[in-house]
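Below is one structure, written out as structure tokens; comments come after it.
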Amino acid sequence: MGIVINQSLKNTVTTYLGFGIGAINALFLYTNFISDEYYGLVAYILSAANIMMPLMAFGAHNTIVKFYSTFKTKNSLNSFMTLMLFLPLVLAIPVAAIGYFSYDAIADILSQKNDIVRDYLWYIFITAVAMAYFEVFYAWVKVQMQTVFGNFMKEVFHRVGAMMLLLSVFLNHITVDQFLMGIVGVYVIRTFVMMLYAFSKRLPVFKFNKIDKIRSILKYASLIIIAGSIATIILDLDKFMLNNYLSIEKVAYYSVAVFIATVIAVPQRAMHQILLPLTATFLNENKAKELNDLYQRSSLTLYVISGFIFLLIIVNINQLYEIIPSEFSGGLVVVFLISLAKLYDNLLGNNNAILFNSDYYYMVLFFGVFLAVLAVVLNLILIPLYGINGSALATFTAIVIYNTIKVYFVKLKFSMLPFTSETLKVTLVLIVMVCAFYFWDFPFHPIVNIALKSMAIAIVYGLLIYRLNISEDISEVLLKYLKRK
């Protein structure tokens, strides 16, 4: 776990930096510097692009991680990497052609409820292609076990760009339309920067020789298009569907609530970058014992860290909603449900990495399609009944069922579970602390209240985790930190 902890800590810092900047953007700048309508439009464009991204990438980013370590000669490896660079174009070019010739028909469908969407559909496509190639170049360095710079670009760069553009709108240096073009431009620039960094680590050597296992590679890439990204697009699916039922402003309100809740996903996102190639290596080398150890330790570490974030969000949510515009404060139920779903995601550890890189990867496709269909059906039923709360309930239900199926399947095929007796201890600690701190407030300004409660929770939670010796990895990091002090 040494390389995992080392890079995960660095990735966690940069990811939290990104989410901190994103919090300023989402909770204060977007809500005050542009109208709710345009905020909802930005959320819709980025959500639709995230949904399209796996299709535009043609699974190349996941395919690089799975197969890179299986090539033993330079010629075969260069041919494989050349294929990965051009593979996304197989779908990107036809999709662009369809969009060009069928723009009006597509626009009529997507703008039935909110006409403002009609003029910005190309923004979705360009952003999706930029996101797709970014992931390809990021995977290019992941397999070199270098994830920190890529994580910085993934989590921080575009949020800083958005902040600068929002400030430019506030200072009347640019219009809102120019702001929207700028957002797309930020994602394009991010991709080119990532490309330059990736090529500095491993310069591409274009080879078009015959590749061993080409059928297996293309089969994997085709199936993983959906399977590899279902969990990451499910929240964006909600925003996409909300556009068809509610005013675009409600998409903005939902986006703020989801952003607050998805802060819990930060540890998983940070650790996943290094868990993915490491898990692929253990699977390719048939190291079952090491894989089981990584499975349980990653689950426990992520559960402890994400549980702490869950506590901070749940016990402070009422005060947080007091300091942002009142129209955004109707998302308490959304925050709670999405927070629980994300906490469950963290509890799975490297479960996704095991499935994506094993011989059973095709099963994730079936699970993913099931999740997508379930989410769509539940949204169709619950959004008209309960609005944004219905969408959150649909997402929560779908994710819980999906994650439970994945845990069972790994148990069935690999005889491994991520849970240990320590998992139960963490769960009990979380329940007790939510009950103890949720109804307790200091009689001060909400910001001061949040700060004081957070410090109290950090001290109590940290002491409990350390005294109970729940996680060796976390205890080891704490001891190293305390010794430096």
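Annotations
- Full extension of the segment from Asp104 to Arg202, taken as 0.36 nm per residue of separation minus the current Cα-Cα distance, would add 31.0 nm.
- Mean separation of Cα contacts under 8 Å, 6 or more apart, over the residue count of the chain: relative contact order %: 21 percent
- Per residue, the convex hull spanned by the Cα atoms of the stretch 325-368 amounts to 98 cubic angstrom.
- Each Cα pair under 8 Å and six or more residues apart adds its separation to the average, and for the stretch 1-129 the resulting relative contact order is 32 percent.
- Theoretical FRET efficiency, 1/(1+(r/R0)^6), r = Cβ-Cβ of Ser69 and Leu417, R0 22 Å, to 0.05: 0.25
- For the stretch 303-351, the fraction of 1.4 Å probe accessible surface lying on carbon and sulfur atoms is 68 percent.
- Computed 3J(HN,Hα) for the stretch 58-74, one whole-Hz value per residue from the Karplus formula 6.51 cos²θ - 1.76 cosθ + 1.60 where θ = phi - 60°, is 6, x, 4, 5, 6, 5, 4, 5, 5, 9, 3, 6, 8, 8, 10, 10, 5, glycine and proline marked x.
- Near Asn11: Cβ cut-off under 10 Å, other residues only, Lys/Arg at +1 and Asp/Glu at -1. The net charge is +2.
- Protection-proxy order for peptides 348-357, 311-320, 81-90, each taking the mean of Cβ atoms within 10 Å per residue, highest first: 348-357, 311-320, 81-90
- Accessible surface, per residue, of the stretch 170-212 when the full set of protein chains is kept, probe 1.4 Å, Å²: 65 Å²
- Principal semi-axes in Å for the stretch 93-181 [√(5λ), Cα gyration tensor, largest first]: 29, 23, 9
- Out-of-range pairs (alpha-carbon distance over 18 Å; input Lys66/Lys287; Lys113/Lys250; Lys74/Lys154; Lys287/Lys406): Lys74/Lys154; Lys287/Lys406
- Rg and Dmax [Cα atoms of the chain; Å; Rg one decimal, Dmax integer]: 22.2, 71
- q = 0.18, 0.23, 0.25 Å⁻¹, the stretch 247-303: log10 I(q)/I(0) [Debye, one scatterer per Cα]: -0.68, -0.88, -0.97
- Overall, the accessible surface of the stretch 79-173 at a probe of 1.4 angstrom is composed of carbon and sulfur to the extent of 68 percent.
- Using a probe of 1.4 angstrom and keeping all protein chains present, the accessible surface of the stretch 243-314 works out to 29 square angstrom per residue.
- Residue-normalised accessible area of the stretch 359-479, expressed per residue, 1.4 Å probe, Å²: 52 Å²
- Burial ranking of peptide ranges 249-260, 28-39 (average Cβ count within 10 Å, highest at the top): 249-260, 28-39
- Amide proton proximity set for Asn243, modelled H, under 5 Å, gap of 5+: none
- Highest mean first, the peptides 164-171, 332-339, 10-17 sorted by other C-beta atoms within 10 Å per residue fall in the order 332-339, 10-17, 164-171.
- Under 18 Å of direct C-alpha separation, and excluding same-chain neighbours fewer than eight residues apart, Lys219 reaches these aspartates and glutamates: Asp359.
- Scattering profile of the stretch 6-123 at q = 0.13 Å⁻¹ [log10 I(q)/I(0), Debye over alpha-carbon scatterers]: -0.82
The values are calculated or read from the model by the stated rules, or taken from the named source; none is laboratory data. What you are looking at is a predicted structure, and each value in this text was computed from that prediction instead of being measured. Cβ coordinates were reconstructed from backbone atoms using ideal geometry, including for glycine residues, and neighbour counts include every protein chain displayed. For the accessible areas, the whole protein counts, side chains as well, though only heavy atoms, and no ligand, DNA or RNA atoms are used. Shrake-Rupley method; radii C 1.70, N 1.55, O 1.52, S 1.80 Å.
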